[in-house]
Each structure stands twice: as structure tokens, then as C-alpha cells.
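Below you'll find the structure, written out as C-alpha cells, and then a few comments.
The values are calculated or read from the model by the stated rules, or taken from the named source; none is laboratory data. All figures in this text were calculated on a predicted structure; none of them were measured in a lab. Glycine gets a Cβ as well: all are built from the backbone with ideal geometry, and neighbour counts include every protein chain shown. Side chains are part of the model used for accessible areas, which takes the heavy atoms of the whole protein and leaves out ligands, DNA and RNA. Shrake-Rupley method; radii C 1.70, N 1.55, O 1.52, S 1.80 Å.
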Amino acid sequence: QVQLVESGGGLVQPGGSLRLSCAASGSIFSFVAMRWYRQAPGKQRELVATITRGSASNYADSVKGRFTISRDNAVNSLYLQMNGLKPEDTAVYYCNGEDPHYVTWGQGTQVTVSS
């Protein structure tokens, strides 16, 4: 089973940008979809963005136009470019990979948007 590790989180001011990365321990070619989720304190985990094996993508309304999801099968990585960050984007961000036979999750990376 492929393991996922997120990186790139941190503290950023409102309006700033961050790029999250999710590195896989093996090939992600078989993943029919990969996703970014986030969970803010006291809230349920929510879906942020999805990208299919064919690179079709979709986004939560709250991040549409600000975030961009991408995947690079050659280096077994998933990315989330986050621009125009807002305090309400503060959360732990998780990547997720959906294989035909299992689903795998990373451990999460903290994103804090604050002045």
C-alpha cells in the first residue's frame, strides 16, 4: 500500500500563498483520484479539491478561483497551490489517494493564516 506524506504547510499572512506537496512512497498512476481535505479545529473534515487520473479537477466553492490542484505521476506527487489565503483557510490539510482496492491518507500538514 502506498504511503502519503504532506509538506509545505506553515504560517502565512492573509492574502499570501502556500504550495502544499504530497509525496507518495510508490506509484500513484493507479490512483483513480487524489484529493486534498482539510479539518479546522472543532469542525468536520471537508473536501477541498479533487483531481482524477485524467487530470480533471474540481473544487469546493470556498476555494474555487484561489486554489489549484495538480498531480505529477512521473514523480509520484500531488500538489495544492493556494493563493489569496484567508483566515478561514486555517486547518490541517490532508492528501488522499483512491486506488481501485484501497484508500490511503497522509498525516496532515498545518496551515495557519493570520496577521
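Determine the equivalent ellipsoid of region 24-115 by diagonalising the alpha-carbon gyration tensor, then write out the semi-axes as square roots of 5 times the eigenvalues, largest first, rounded to whole Å. Write down the numbers at each step before the final one.
Numbers: eigenvalues 106, 40, 26 Å².
In descending order, the three semi-axes are 23, 14, 12 Å.
Taking the mean number of other Cβ atoms within 10 Å as a proxy for protection, how do you rank 89-96, 75-82 from highest to lowest?
89-96, 75-82
Find the centroid of the Cα atoms in region 27-45 and in region 74-106, then give the distance between the two in whole Å.
Rounded to whole Å, the Cα centres lie 5 Å apart.
Using a Gaussian network model on the chain with a 10 Å cutoff between Cα atoms, which of 87, 100, 14 fluctuates the most?
The residue that fluctuates most here is 100.
Mind checking the per residue accessible area of the chain for me, 1.4 Å probe, whole number of Å²? Before the final figure, lay out each step's value.
Values: 5860 Å² over 115 residues.
The answer is 51 Å² per residue.
Accessible area of the chain with a 1.4 Å probe: how many percent of it is carbon plus sulfur?
Exposed carbon and sulfur together represent 48 percent of the surface.
Less than 12 Å Cβ to Cβ from residue 30, Lys/Arg counted +1 and Asp/Glu -1: what total charge do the surrounding residues give?
-1
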